[in-house]
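Working notes, structure below.
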């Protein structure tokens with residue numbers, strides 16, 4: 001695929017390398033060190049760092065400000081943007097704000113419902129949905145125009161991403177839904193955490209059969225288990241995540257003090273396996289509140305050092 | 001219909017505690033069907049209030065009237081000659097009726113006796129559910145007759161979101177995922193291919209966002 005933006009992530013993918021991304025969640029406060037320390041920990045082991053946008057609807061430092069912090073460190077942020085909290089004026093405005101700092105990656109999401117967070121009595125906006133946000137960024141970038149039709153001086157140059165969950169219900173529209181995102185203009189996908197390899201590969205094959213993978217890069221999401229408890233929780237309590245029984249058993253059969261190590265081992269095995277799967281272009285390593293493990297995972301998966309692109 | 005729910009009596013007492021001649025005014029339309037503000041509920045509320053004030057040792061006159069509707073001038077006019085008997089009205093109509101009463105009887109306080117909830121249906125007796133948010137531009141033709149604006153917690157026009165699990169919404173296992181319903185319906189209509197048509201950005205100016213709305217029909221105006 002032809003490179004369309006100055007995004008380092010896009011260049012790495014276009015050069016045929018496996019891309020590696022990870023993410024940091026901004027703090028419940030204004031201390032910039034919280035974000036810069038986490039970024040410092042992982043920066044040499046990933047190509048780009050996602051910054052979550054008030055994840056699980058809990059109020060935090062804004063994604064854009066945290067992305068600017070990363071940019072000032074010379075890093076490559078992926079601005080996550082949810083449609084829950086902003087109307088089309090604010091979305092476009094924040095996109096321009098990010099573009100003014102040469103933030104070159106955006107991940108378009110709808111966001112968790114506010115009832116999960118600390119402002120359950122608040123309104124949600126959803127003026128646009130995630131597909132329409134993809135269309136909006138592409139319109140601003142490619143046409144150089146606002147949704148209202150006016151010209152943008154110095155349009156944003158953003159590589160446009162979205163999430164996809166191969167395991168969400170109903171399965172039959174998982175590939176049509178990806179097709180819809182591709183039609184909307186998405187250029188890279190970071191998937192939900194994958195544990196059920198068989199189902200993920202089926203989804204990829206179906207997407208490939210439709211020719212979708214010629215138009216979008218897929219970064220497979222992986223999340224190491226910290227404990228057997230976490231594996232059970234992910235299996236039973238988190239909507240849209242499928243954890244096979246044998247993985248829960250493997251964690252449970254491991255002595256407690258060795259479980260976190262085993263979780264990392266599983267994660268590395270998953271990456272190794274996924275490397276052999278056609279249509280996987282990279283990895284999105286989500287080590288939740290466990291960022292310090294990212295370097296080890298990347299290194300032991302044979303993904304270090306990271307490639308250098310112009 | 002417009003679905004409403006009864007306000008707690010404590011809240012109504014708080015509204016009217018300084019009045020002595022009170023009319024409880026029901027409505028024979030939607031709020032009667034949803035059993036929140038019809039003749040029967042007017043009677044029940046009036047009795048409860050009479051008992052309350054009696055126990056408080058207060059002399060309060062409480063009358064009951066139920067109009068055919070509270071959203072049309074002609075029915076509200078039926079009580080004009082009696083309005084000077086009251087120093088307050090508790091309207092058990094929807095918010096529309098409460099406001100139309102207040103517009104018509106400018107110097108009498110009109111208090112709401114119900115919470116107006118949504119536009120919905122009677123699924124079974126005692127269970128009413130939402131179907132429409134009156135966005136002003138109906139898209140049901142392209143969503144298999146199921147409205148994501150009213151029935152998706154995120155009003156997502158290109159759904160479902162990642163929170164749809166086993167056909168239910170992430171916010172409550174009792175709530176159907178609107179997009180699951182849409183997909184099932186499109187399948188039943190043999191139109192699942194339409195799922196892939198991107199729904200464009202919606203013009204919300206016909207919704208609440210555009211300010212108070214009106215429908216003008218010159219062809220029926222006299």
* **Using alpha carbons only: equivalent-ellipsoid semi-axes of the range A:235-310, gyration tensor based, whole Å** => 24, 16, 12
* To do: Choose one answer from B:201, B:45, B:23: the residue with the largest mean-square fluctuation in a GNM of chain B with alpha-carbon springs under 10 Å.
  => B:201
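Give me the number: length gained by fully extending residue B:222 to residue B:117, i.e. 0.36 nm times residue separation minus the C-alpha to C-alpha distance, one decimal in nm.
Values: separation 105, 0.36 × 105 = 37.80 nm, distance 3.34 nm.
The span from residue B:222 to residue B:117 would gain 34.5 nm if fully extended.
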* Structure fact -> Under Stokes-Einstein, chain A at 4 °C and 1.567 mPa s, with its Kirkwood radius over C-alpha pairs, diffuses with a coefficient in µm²/s of 66
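Which whole-number percentage describes the relative contact order of chain B, with Cα contacts under 8 Å and a sequence gap of 6 or more?
Numbers: 340 pairs, mean separation 38.4, N = 222.
That works out to 17 percent.
State the three equivalent ellipsoid semi-axes of the range A:1-47, derived from the C-alpha gyration tensor as the square roots of 5 times its eigenvalues, in descending order and whole Å.
Working: eigenvalues 155, 27, 11 Å².
Rounded to whole Å, the semi-axes are 28, 12, 7.
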* Asked: Residues of the range A:106-126 with amide nitrogen under 19 Å from the 7 Å Cα-to-Cβ point of residue A:89?
  -> A:123-126
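Quick check of the Kirkwood formula: for the range A:148-292, what is the inverse mean of 1/r over all pairs of different Cα atoms, in Å? Don't skip to the answer; put the middle values down first.
Values: mean 1/r = 0.0606 Å⁻¹.
For the range A:148-292, inverting the mean 1/r across all distinct Cα pairs yields 16.5 Å.
To make sure I understand, if each residue's beta carbon is the centre and we count other beta carbons within 10 Å, what order do A:284, A:273 fall in, fewest to most? It would help to have the intermediate numbers written out before the result.
On the way: A:284 29, A:273 14.
Taking fewest neighbouring Cβ atoms as first place, the list is A:273, A:284.
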* **Kirkwood hydrodynamic radius of the range B:1-43, from inverse mean 1/r over distinct Cα pairs, in Å** => 11.2
* Compute the length gained on full extension between residue A:183 and residue A:59: take 0.36 nm times their separation in residues and subtract their Cα-Cα distance, giving the result in nm to one decimal. => 41.4 nm
* Structure fact -> Taking max minus min of the Cα coordinates of the range B:2-118 on each principal axis, largest first, gives extents in Å of 37, 29, 19
* Between A:238, A:298, A:24, find the one with the highest GNM mean-square fluctuation for chain A; connect C-alpha pairs within less than 10 Å. => A:238
* For the protein assembly as shown, just the Cα atoms, rotate onto the principal axes and tell me the three extents in Å, largest first. => 88, 59, 51
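Quick one: in the range B:133-200, what % of C-alpha pairs are over 15 Å apart? Numbers along the way, then the final one.
On the way: 1090 of 2278 pairs.
For the range B:133-200, the fraction of Cα-Cα distances above 15 Å is 48 percent.
By how many nm would the segment from residue A:210 to residue A:102 lengthen if fully extended, with 0.36 nm per residue of separation less the alpha-carbon distance? Please report the intermediate quantities before stating the final value.
Details: separation 108, 0.36 × 108 = 38.88 nm, distance 3.43 nm.
35.4 nm is the gain from fully extending residue A:210 to residue A:102.
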* Return the distance in nm (one decimal) between the two label points of a simple spin-label model at residue B:209 and residue A:202, each offset 7 Å from Cα along Cα→Cβ. => 3.9
* Asked: How do B:149, B:33 line up, fewest other C-beta atoms within 10 Å first?
  -> B:33, B:149
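Based only on other Cβ atoms within 10 Å, what is the fewest-to-most ordering of A:225, A:116, A:146? Can you show the working numbers first?
Working: A:225 27, A:116 15, A:146 18.
In increasing order of surrounding Cβ atoms, one gets A:116, A:146, A:225.
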* Using alpha-carbon positions, what is the distance between the centroids of the range A:1-45 and the range B:56-130, in Å? -> 59
* Structure fact -> Taking alpha-carbon centroids only, the range A:127-152 lies from the range A:207-231 a number of Å equal to 27
* Structure fact -> Note: the range A:105-161 at 37 °C, 0.692 mPa s; Kirkwood Rh on alpha carbon pairs; Stokes-Einstein D in µm²/s works out to 256
* Relative contact order (%) - criterion: Cα under 8 Å, at least six apart; region: chain A -> 19
* Between B:196, B:29, B:68, which gets the highest mean-square fluctuation from a Gaussian network model of chain B, Cα cutoff 10 Å? -> B:196
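Can you bin the range A:1-133 into rounded, prolate or oblate? Criterion: square roots of the alpha carbon gyration tensor eigenvalues sorted a ≥ b ≥ c, rounded for a/c under 1.5, prolate for a/b above b/c, oblate for the rest. Could you put the intermediate results ahead of the total?
Numbers: a/c = 1.95, a/b = 1.35, b/c = 1.44.
Oblate is the answer for the range A:1-133, as a/c is 1.5 or above yet b/c matches or exceeds a/b.
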* Structure fact -> Taking the protein assembly as shown and counting helices only, DSSP H stretches of n ≥ 4 at -39,500 (n - 2.57) each over all residues, the nearest-500 ellipticity at 222 nm comes to -9500 deg cm²/dmol
* Once every Cα of the range A:100-217 carries one equal point scatterer and solvent is ignored, give the base-10 log of I(q)/I(0) from the Debye formula at q = 0.12, 0.14 Å⁻¹, two decimals. => -0.53, -0.70
* To do: Calculate, axis by axis, the spread of Cα positions in chain B along the three principal axes, and write the results as whole Å, longest axis first.
  => 67, 46, 26
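Any read-out appearing in this document is the output of simple, stated calculations on the displayed coordinates, not a laboratory observation. From a predicted model like this one, the values you see are computed outputs, not experimental measurements. Neighbour counts run over all protein chains shown; Cβ positions are idealised from the backbone, glycine included.
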